[in-house]
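These notes concern the structure reproduced below.
Here, each number is a calculation from the coordinates, and none is a lab measurement. All values derive from a computational prediction rather than experimental measurement. Here the Cβ is made from the backbone with ideal geometry for all residues, glycine too, and neighbour counts use every protein chain on show.
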Amino acid sequence: MGRLVIGIGNPLRGDDGVGWHLAGTLADRSDRTDPSDLTALMVHQLTPELAADLVDRSGVLFIDAWLAAAADPAGAARPQLRPVPSAATGPGSGSHHLEPGALVALADLLFDSRPAATILLVPAFAFPHGPAMSPSQRALLPEARRLLHTWLDHSLA
Amino acid sequence: MESRPPAAAAMTRTVVIDPVTRIEGHAKITLHLDAAGHLIDTRFHVVEYRGFEKFCEGRPFTEMAGITARICGICPVSHLLCAAKTGDKLLAVQIPPAADKLRRLLNLAQLTQSHALSFFHLSSPDFLLGWESDPAKRNVFGLMAADPDLARAGIRLRQFGQQILELLGGRKIHSAWAVPGGVRTPLSVEAKDWILDRLPEAKATITLALDLYKTLLDGPLRKEQRVFGDFPSLFMGLVTPDGRWEHIDGMLRFRAPDGTIVADGLSEDDYASFLGEAVEPWSYLKFPYYKPLGYPDGIYRVGPLARLNVCDSIGTPWADRELEELRDRSGRVATSSFAYHHARLVEIVACLEAIEQLVNDPECRNGRVRSRASLNRNEAVGVSEAPRGTLFHHYQVNDDGLLTRVNLIIATGQNNLAMNKTVHQIAREYIPDPVPAGTEIPEAMLNRVEAGIRCFDPCLSCSTHAAGQMPLHLQLLAADGQILAERRR
């Protein structure tokens, strides 16, 4: 079933929509490659039934906004690719709020499926109502796209 | 009503469960004790506010389907459909027969996926793992460890409903497929084939769940059925003109706990004449009530149990057999709020049977799916049955079609009085009386109080709306607000 990209966030809350934005750009990419190899989903939050979408995937990439401003007020936060380990834990799990690691664990436990999972974290600074990204996040988009394409190239191999 | 301010006492204490977990939204529960440690009052507080009605003003009514669908990522289809229906009335059009059937199909899929989430993911951990089990494991992962087949089947049942939403609307959530005048596209052959291919598995899953649930009802859950919010109240829901189960059209009916039909054939247009909305200073959630009986005596319940209580029958064979069994177990009018769980399963059966009928109906492939007109009215009220109960949209627009007033009456709000009453009954049953000063309230008792709220599967996102984590926060407060004890998880 190829690879899966899941953009997480709310496209109507400023920088929180970056996951949707980047996942949405993959339509162009899949025109140039094999569309059946790549599926892009955009979701507001990870829900348990998404575990079924991870089945038989060679790789899964989550893209999410990363609340970086508070942790790094100096503005040095950069987009990052990180592996997502399986994590069958989480307070409050069972509702509509699953962490990527919990979703990976669900796919493993329920469907014996263990795709290589990675997350692309894009620093987010402002979450006002509306689709506009903050200037700080917009400045980081080229780097985020490079990392996305890095994952696309490497996960294909 | 138990939610009135407690009687003044020199040394009362209050137990607070804040926020309530495994519901959609943010809330807390307070249990008020008097100086002697007796429970004297309970309150289910909704502590979030979003005010959707206000910021819809000034927008074109044609945008309401898209805007209100964004009130909630859990049941956006309900708002989408109700907004589209209200828009139909502003246009003063009759939608094509295909559009009516396709909207029905969408709502049936929505009911299926929402009920599956409630039963398999949110409530089953309580049933299968036990009230005394470790709260850290009393979730979907604990359920997987206890019964992986059930967990897997539940996830795939929800996926079945979600996938139908996507096949019809192009996306699982926030689809703009339903519009004033109809829908955008008919059912494709591919979608029909996919649905029919997955239906047998969905039916097998709900059979498994019903068998399991009935076994539990006969054993470990027998007491919960009796004490989780078993009290007399009215029930309200849509029915067809001949009194059958309805979810998107029809007329409103109120039935009393003794089976009497209190009011029938009510139109949503007249809702203000029979529904009142009270407010309390301690909650953002309104308290709707049946006007002829006043507040709070006009308490009524909506949702799956109410729909099954108000209807005469469902109209499909398997669902009607299950409905009869529910009535055999819980009464012609089931008054226990715990029976909401059983009602959800019966409604899933009804949905699956109706979905099968609709996808095999050639009309759903008819390309004439939208009636077009311009604005012909300045005011309209739409109604539909959301998973959690009856949903009203009331719009007033100017001659340019811009909204000048919006009123949304949400299912969860209509169950507000009943949720308060349910919490009170559970607390009376499980909280020691009196509570000795300085003692902890056992976790299992707190979980039962929370579970009383989960019977209603409340969606506070719709009712008020805010995002947030949902840990458990418990406080024991004196009458003067001093925190006597506190715990979090």
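Structural remarks
- Net charge contributed by nearby residues that have their C-beta within less than 13 Å of A:GLY9 (K/R +1, D/E -1): -2
- Residue mean of other protein chain beta carbons inside 10 Å, A:40-52: 6
- Given charges at beta-carbon only (K, R positive; D, E negative), |dipole| of the range B:318-421 in Debye: 320
- As a rough footprinting exposure proxy, the listed residues A:SER86, A:SER155 were ranked by other beta carbons within 10 Å of their own, and the order from fewest upward is A:SER86, A:SER155.
- Which of B:PHE456, B:PHE119 has the fewest Cβ neighbours within 10 Å, and the rest in rising order: B:PHE119, B:PHE456
- Hull shadow area, averaged, the range B:117-254 [alpha-carbon convex hull, nm²]: 11.8
- 10 Å Cβ neighbours from other chains, averaged over peptide B:139-152: 4
- In plain terms, the residue of A:HIS149, B:HIS32 with the fewest other Cβ atoms within 10 Å comes first and the most crowded comes last, giving A:HIS149, B:HIS32.
- Each peptide in B:248-255, A:42-49, B:393-400, B:381-388 was scored by the mean count of other Cβ atoms within 10 Å over its residues; highest first, the order is B:381-388, A:42-49, B:248-255, B:393-400.
- Taking every residue in B:125-138 and counting other chain Cβ atoms within 10 Å of its Cβ, the average works out to 1.
- Proximity of backbone amide H atoms, modeled 1.01 Å from N, is registered between B:ILE40 and B:HIS32, B:LEU33, B:ASP34 at under 5 Å, excluding neighbours fewer than 5 places apart on the same chain.
- Rounded to whole numbers, the Karplus 3J(HN,Hα) couplings from phi for the range B:101-115 are 5, 5, 4, 4, 4, 4, 5, 5, 5, 5, 4, 4, 5, 5, 5 Hz, using 6.51 cos²θ - 1.76 cosθ + 1.60 with θ = phi - 60°, and x at Gly and Pro.
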